[in-house]
Amino acid sequence: MTCIKIVVKQVGKRHKRELRLAPHATIADLLRKLDQNRETIVVRRNGKIVVEEERLSDGDLIEILPIVTGG
Amino acid sequence: MLKCTFCGRRAAYNRRYAGVLLCDRCLIKSVEKRFRRAIAEHKLLSPGERVAVAVSGGKDSIAAMHLLVEHCGRKNCELVAITIDEGIKGYRDQSLPIARENAKSLGIEHYVVSFKRTFGATLDQMVRRANARKTELNPCTYCGVMRRSLLNQAARELGADKLATAHNLDDEVQAIMLNYVRADFSRLHRLGPSYPPREGFVPRIKPLREIPEKEVALYALLRGLEVHLAVCPYTGGIHTEIRDFLNRIEANHPNSKFMILRMFDRLKPQLARIVPEFEMRRCKNCGEPTSANICKSCELLKELGLRRLRKTLISPKSS
Ligand code: SF4
Ligand SMILES: [Zn+2]
Ligand SMILES: [Zn+2]
C-alpha cells in the first residue's frame, strides 16, 4: 500500500506542511492527526468547502480555517 | 463526493446532530429559516420597530446584520448598527473597518462608540493598568461589562426598541456552563432568547441563539460575506476551557449543545423563584441603570483610576 501525499495549510499560520497519509484516509482522519476539533474549523479541499467525511486524494491541498474567534 | 441529503449537490456540511448532509444552498436556506423561526417563536421583533444591531465585524455579527437587514426590509423595521471599539490593537482595529464596510454596502447607519473617547483609555491601556495594580480581573471582565453597558446606552440614545446581538448556540451554551461553574444564579437567569424590558434597558434579542457557531461561520463564508476571522489576543482562561470542553463533548456526542440549551430553557422559569428580584436604580456616577449605587462599569473604572469622560455617546459625529 502506498501512501498519499497532501499539503495542509492552516490559515493564520505561515507554513504549509506536506503530510503522508494512508490511502482512503478522510479529512476527519487528518483532523484527528492534527488534533483539530471539527466544531472549531472549516475545511477547504482544493478551494471548496467540504465535509470531513470526504476521502483525501494524492496531491490534495487542504486548508484549515479556524472559525472560533472569541469576543 | 458526498451529496446533500436534500438536493444531491455536493455537501459542504455534515449536520451530525440531525444526521443530514447539506450543500451550500441548503445550509444558507436552513440558517435563514432558523433565524426567522427564532424571531417568530420568541416574538423577538414586531413590524415597524427600530432595531439596533451590535456589530464587531466578526462572522456572527456580520451574518446577523445581513439576516436582519433582509428581515427588516420585509417587516418594515428600521435597522441601525453599533460597533463598540474597545481598543484592542491588532484585533478590533482590523474588524472595525469590516463592520463599517458591510454597513455601508447595506445602506445601514453605523455608529462607533469607543472606550478611548468614553473612558479615556483603550482596553489595552486598561489591561496594562490592571496589571500594574495587580487586580485579579481578566481583560474579558472589563471588556464585557463596559461593552454591554455602552451598547445599551447607545441603543437607547438611538431610540431603538430592540438591541440585537449575534450570540450563537455555542456562545449561549458556554454562558450557561460558565454560570453553572460560578453558581451565578442572577446571570444565569438573565440568559435566554430575549431579555424583558426594564427601566433604562433596551430589550435585548438573540436571533442566532439556536444556530451553532460552525453553521453561522459557514453561512457567512458560503454567502461570500466579508468577515473578520482573527482571534482576540485576550482569549483564554476559563471561557476557553469551557468552550474546548463543550466542543470535545459535541464532537464525540453530537447534539449535546442543543440538549444543554433545551434543559436550561425548561429550567429557566423555575429559576425565577430562587433569584431575588432587585430594584433598578440609577448609577450615582453615570446615570446608567444598576442594582447598586454605582454601576459595575464605574466601579471597574474607579479601580483602574479612570473615570467616565462623556455622558452622551451618540453625537452626529460618531456616525
Ligand atoms: S475575548 Fe475578551 S477581551 Fe477579547 S473581545 Fe472578547 S470579551 Fe473582549
Ligand atoms: Zn442541497
Ligand atoms: Zn456608572
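For A:VAL42, the residues whose modelled amide H falls within less than 5 Å of its own, excluding neighbours fewer than 5 places apart on the same chain, are A:LEU65, A:ILE67.
Averaged over peptide B:226-234, the number of partner chain Cβ atoms lying within 10 Å of each residue's Cβ comes to 3.
For the protein assembly as shown, give the share of DSSP beta bridges that are antiparallel, in percent and rounded to the nearest 5; count only bridges with both residues there. Percent antiparallel among DSSP bridges in the protein assembly as shown is about 55. Extent along the principal axes, Cα only, for region B:167-264: 40, 30, 29 Å, with the longest axis given first.
A helix-only calculation puts chain A at -2500 deg cm²/dmol for mean residue ellipticity at 222 nm, using -39500 (n - 2.57) for each DSSP H run of at least four residues, averaged over all residues. Computed over the protein assembly as shown, the alpha-carbon pair-distance distribution with 20 angstrom bins reads 26, 57, 16, 1, each value a whole percent. In loop segments of region B:260-319 as defined by DSSP, the trypsin sites (Lys or Arg not before Pro) with at most 11 further C-beta atoms inside 10 Å of their C-beta are B:LYS311. Counting Cβ atoms of other protein chains within 10 Å of each Cβ in A:39-48 and taking the mean gives 4. Taking label points 7 Å from Cα along the Cα-to-Cβ direction, B:GLU303 and B:LYS268 give a separation of 2.9 nm. Where both bridge residues fall in chain B, DSSP classifies roughly 35% of the beta bridges as antiparallel. A Gaussian network model of chain B, with springs between Cα atoms under 10 Å, assigns the largest mean-square fluctuation among B:ALA175, B:ALA121, B:ALA40 to B:ALA40. In the frame of its principal axes, chain B has Cα extents of 61, 42, 37 Å, reported largest first.
Give, as a single signed number, the net charge of other residues whose beta carbon lies under 11 Å from the beta carbon of B:LEU188, with Lys and Arg counted +1 and Asp and Glu -1. It would help to have the intermediate numbers written out before the result.
On the way: positive: B:ARG182, B:ARG187, B:ARG190, B:LYS268; negative: B:ASP184.
Net local charge, B:LEU188 excluded: +3.
Surface burial for B against A, with a 1.4 Å probe and both sides summed, reaches about 2100 Å² of accessible area. Rolling a 1.4 Å probe over the heavy atoms of the protein chains gives the protein assembly as shown an accessible area of 49 Å² per residue. Over all other residues within a Cβ to Cβ distance under 11 Å of B:HIS167, the charged ones net out to -3, with Lys and Arg as +1 and Asp and Glu as -1.
If packing is taken as the average count of other Cβ atoms within 10 Å, what order do A:53-62, B:1-10 fall into, highest mean first? Display every interim value, and only then the final one.
Numbers: A:53-62: 15.8, B:1-10: 14.2.
Output ranking for A:53-62, B:1-10: A:53-62, B:1-10.
Here the sum of -39500 (n - 2.57) over DSSP H runs of 4 or more residues, divided by the residues of chain B, equals -15500 deg cm²/dmol at 222 nm, to the nearest 500. Which far-off residues, 5 or more places away or on another chain, put their amide H under 5 Å from the one on B:GLU109, with H placed in the peptide plane? The list, which skips near neighbours in sequence, is B:ALA81. Dipole magnitude for the protein assembly as shown: about 340 debye, using +1 per Lys or Arg Cβ and -1 per Asp or Glu Cβ, origin at the Cα centre. Label-to-label distance, B:ASN293 versus B:TYR195, with points set 7 angstrom from Cα along the beta-carbon direction: 2.5 nm. Antiparallel beta bridges, as assigned by DSSP with both residues in region A:4-66, represent about 80 percent of the total such bridges. Converting phi to 3J(HN,Hα) with the Karplus coefficients 6.51, -1.76 and 1.60 and the offset θ = phi - 60°, region B:278-285 yields 10, 7, 8, 10, 10, 4, 4, 8 Hz in sequence order, with x at every glycine or proline.
Computed from the C-beta positions of B:ASN138 and B:CYS7 and an R0 of 45 Å, the FRET efficiency is 0.50 to the nearest 0.05.
Per the Kirkwood formula applied to alpha carbons, region B:248-319 shows a radius of gyration over Rh ratio, Rg over Rh, of 1.22.
Please report the net charge: other residues with Cβ closer than 9 Å to the Cβ of B:ILE294, K and R +1, D and E -1. Once positives and negatives cancel, what remains is +2.
I'd like the projected area of region A:4-66, averaged over all directions, using the convex hull of its alpha carbons. Report it in nm² with one decimal. Let's see the in-between values first.
Details: hull surface 14.7 nm².
Quarter of the Cα hull surface area: 3.7 nm².
May I ask you to list the trypsin sites (Lys or Arg not before Pro) in region B:90-189 that are in a DSSP loop and have at most 15 other Cβ atoms within 10 Å of their Cβ? List each step's numbers first, then the result.
On the way: sites: B:ARG92, B:ARG100, B:LYS104, B:LYS116, B:ARG117, B:ARG128, B:ARG129, B:ARG133, B:LYS134, B:ARG147, B:ARG148, B:ARG156, B:LYS162, B:ARG182, B:ARG187; in loops: B:ARG133, B:LYS134, B:ARG182.
Answer by residue number: B:ARG133, B:LYS134, B:ARG182.
Look at where the Cα atoms of region B:56-89 and of region B:98-125 average out, and the two centres are 12 Å apart. The GluC sites (Glu not before Pro) of region B:225-315 that DSSP puts in a loop, and whose beta carbon has at most 16 other beta carbons within 10 Å, are B:GLU226, B:GLU277, B:GLU279.
If you find the alpha carbon centre of region B:194-227 and of region A:16-71, how far apart are they in angstrom? Result: 27 Å between the Cα centres. Between B:VAL20 and B:ARG15, the built amide H atoms are under 5 Å apart, and every one of these is 5 or more places off in sequence or on another chain.
The values are calculated or read from the model by the stated rules, or taken from the named source; none is laboratory data. Quantities reported herein were computed from a predicted structural model and do not represent experimental measurements. Virtual Cβ from ideal backbone geometry, glycine too; neighbours counted across all protein chains shown. Accessible surface areas use protein heavy atoms only, side chains included; no ligands, DNA or RNA. Shrake-Rupley method; radii C 1.70, N 1.55, O 1.52, S 1.80 Å.
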